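Before any comments, here is the structure.
None of the figures in this text is laboratory data; all of them are computed from the coordinates on show. None of these values were measured; they are calculated from a predicted model. Using ideal geometry, Cβ is built from the backbone for each residue, glycine included, and neighbour counts are taken over all protein chains shown.
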Amino acid sequence: MLVHGLWDSPRLFRRLEQALAGRRAPLLLPHLPHGLGVRPLEDMASQLDLIITSSFGPDQPLDLLGFSMGGLIGRIWIQLLGGQRRTRRFFSVGSPQQGTLTAQPWPRWLLATVADMKLGSPLLRQLNGDLSTLQGIDCYSYYCRIDPLVVPSWRGVLPVGSVRALPVLSHQHLISKPQALGPIVADLLAP
């Protein structure tokens, strides 16, 4: 399962798919429209739940990779919608798991999608307040030290699991450059 970020689409994962070269199948790349940033992350996580259930049934174990906002959507699905029962591994790539300063100016009534990613937002406090649902899941976080979207960049990691800074220069490079895709693909292909 590959979940895209804000103002992205499943096409974002084209290079990752090429790097995987069919060695991880089946891949599900749902499109989760955000309504230009007005749709709350929990709504998109509920849509993801419906897509997962209709594609894989209610019990099949899976690995989930979320890029940017997609990592938060995946985490909501895991922690709040019962996804922990069937998630083996969770890969968070450049996701503002602990919030980002770039979201601070935006009011919820205008851009709910962005407001959910504020430092200390009610959603992030809820997710970080009970980490027990992440226990038993292998969690991986990847970030770049120079990230204009997740500020400060070290907040772009899960509070549990392994953390790795990748040697790229921007947020989008985390999912497009060979220096980032190499370590991510190696972890995705590990048994």
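Restricting the stretch 57-85 to residues that are without any contact (Cβ under 8 Å) to a residue 60 or more places away in the chain and in contact with a strand residue (DSSP E or B) (Cβ under 6 Å, 6 or more places away or on another chain) leaves a set whose member that is farthest from residue 1 (Cα to Cα) is 78. Scanning the stretch 159-187 for residues being touching a residue at least 40 places away in the same chain (Cβ under 8 Å), polar (S, T, N, Q) and either in contact with a Leu (Cβ under 6 Å, 6 or more places away or on another chain) or exposed (fewer than 13 other Cβ atoms within 10 Å of the Cβ) (or both) gives a total of 0. Of the listed requirements (1) free of Cβ contacts under 8 Å to residues at least 40 places away in the same chain; (2) farther than 20 Å from residue 49 by Cβ; (3) not charged (D, E, K, R), residue 98 misses just one: (1). Within the stretch 1-34, restricting attention to residues that are touching a residue at least 40 places away in the same chain (Cβ under 8 Å) and of a type in the set (Gly, Ala, Ser), the residue that is nearest to residue 93 (Cα to Cα) is 5.
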